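Scroll down for the structure; my scribbles are underneath it.
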Amino acid sequence: MNLNEFDKFLKTVNLKGYRKKYSHIKIVEMDLSKDIQAIELLYKVYWDEKKFISFDDFYKRYLKEKKTTIEIFKIKTTMCDDCFNRGLKARIYRTWAGLITQIHAGYVTESVFGKGTVSMSEELDHQGADIRVEYKEYFLNYQVKKTSYSGVMSRKPLPRKNKLKGKPIDIKYEVPACLSDPKTKKGEFRKPYLRFLEDKRTKAFENGFVVFTSYAFERKKKEIDIKSK
């Protein structure tokens, strides 16, 4: 049920409009201290509370809960109010867009392994487990990363700051820039788009949101099921 609701929500996101509005604004690009970051609140809202609200509604809540720390940070930057406000919202949007995709993957994982098998939090995120699964006494620590095509997908494992109990699993995937314009002038599908279609782990909604499918996690579940017989 949660996955279906999240699917419906993501399909309503005006991704193209948000990108047009925020992608070119890169004013507040300095490191943000933990007390002003949005990661913890994103997990709280979309994973713990299961409230699938729009970015604008999320940002209103973010401003309300972080009001004091934001004001202190704004003073330190010495920026004018307009520059800071536009820059911060664009910065938080980029965090929001990346993390709700990741959280959606958590719901997909849960639909495969079963209710209560998946953990997601800021703490686990910092430890290198975007999605942590506990299933039949096995622990799986998934780390998700969007990559650029380089001919051969690197086999080098993604960095993890702390070792968590269980097996580290990397999921590297590509989101082609031509997703909204998949054909050449000759009417042929572009190669990046064909690669995307061949990758059964991901799919795209009509609005351009790329999400994970159950295929990305089913193989590992089957392996555990066989071992557990």
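The numbers here are math on the coordinates, done by the rules we state, and not lab data. Just so it is clear, the structure is predicted and the values come from calculations on it, not from any experiment. Heads up, the Cβs are rebuilt from the backbone with ideal geometry, glycines too, and the neighbour counts pull from every protein chain shown.
How much length would be gained if the chain were fully extended between E65 and R190, taking 0.36 nm per residue of separation minus their Cα-Cα distance, in nm to one decimal? Each step should come with its number before you reach the end.
On the way: separation 125, 0.36 × 125 = 45.00 nm, distance 4.48 nm.
Result: 40.5 nm gained on full extension.
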Taking every DSSP bridge whose two residues both lie in the chain, the antiparallel percent to the nearest 5 is 60
Descending principal axes extents, the stretch 2-106, alpha-carbon based, whole Å
44, 28, 19
If the limit is 32 Å between Cα atoms, which of K8/K191; K145/K221; K74/K167 go over it?
K74/K167
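Sorting R61, R91 on the 10 Å Cβ count, fewest up front, what's the list?
Numbers: R61 15, R91 20.
Arranged by neighbour count, lowest to highest, R61, R91 become R61, R91.
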For the chain, give the magnitude of the charge dipole about the Cα centre (Cβ charges: +1 Lys/Arg, -1 Asp/Glu; no others), in debye to the nearest 20.
720
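Based on the Cβ-Cβ distance of E123 and K51, what FRET efficiency does E = 1/(1 + (r/R0)^6) give at R0 = 35 Å, to the nearest 0.05? Working shown, then result.
Details: r = 20 Å, r/R0 = 0.58.
Taking R0 as 35 Å, the efficiency between E123 and K51 is 0.95.
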At 7 Å along the Cα-to-beta-carbon direction for both A177 and F139, put a label point, then send me their distance in nm to one decimal.
4.1
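So if R0 is 35 Å, what FRET efficiency would T95 and K229 give, r being the distance between their Cβ atoms, rounded to the nearest 0.05? Intermediate results must be reported in sequence, preceding the final value.
Values: r = 42 Å, r/R0 = 1.21.
So, using R0 = 35 Å, E works out to roughly 0.25.
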May I ask you to list the aspartates and glutamates whose Cα is less than 14 Å away from that of K203, ignoring any residue fewer than eight positions away on the same chain?
D7, E174
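Plugging the Kirkwood radius over Cα pairs into Stokes-Einstein for the chain, at a temperature of 37 °C and a viscosity of 0.692 mPa s, what D comes out in µm²/s? All intermediate terms of the calculation are to be shown ahead of the outcome.
Details: Rh = 19.3 Å.
Translational D for this selection: 170 µm²/s.
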Under a Gaussian network model of the chain whose springs join Cα atoms within less than 10 Å, the largest fluctuation of G87, G114, G17 belongs to G17
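How much FRET efficiency would the formula 1/(1 + (r/R0)^6) give for K165 and N85, where r is the Cβ-Cβ distance and R0 is 41 Å, rounded to 0.05?
Working: r = 43 Å, r/R0 = 1.05.
Calculated value: 0.45.
Quick check: residue separation of E198 and S33 times 0.36 nm, minus the Cα distance between them. What number comes out in nm?
Numbers: separation 165, 0.36 × 165 = 59.40 nm, distance 4.00 nm.
In short, 55.4 nm is gained.
Can you give the extra length, in nm with one decimal, that the chain gains between K76 and K21 once fully stretched, where that is 0.36 nm per residue apart less the Cα-Cα distance?
Details: separation 55, 0.36 × 55 = 19.80 nm, distance 2.58 nm.
The span from K76 to K21 would gain 17.2 nm if fully extended.
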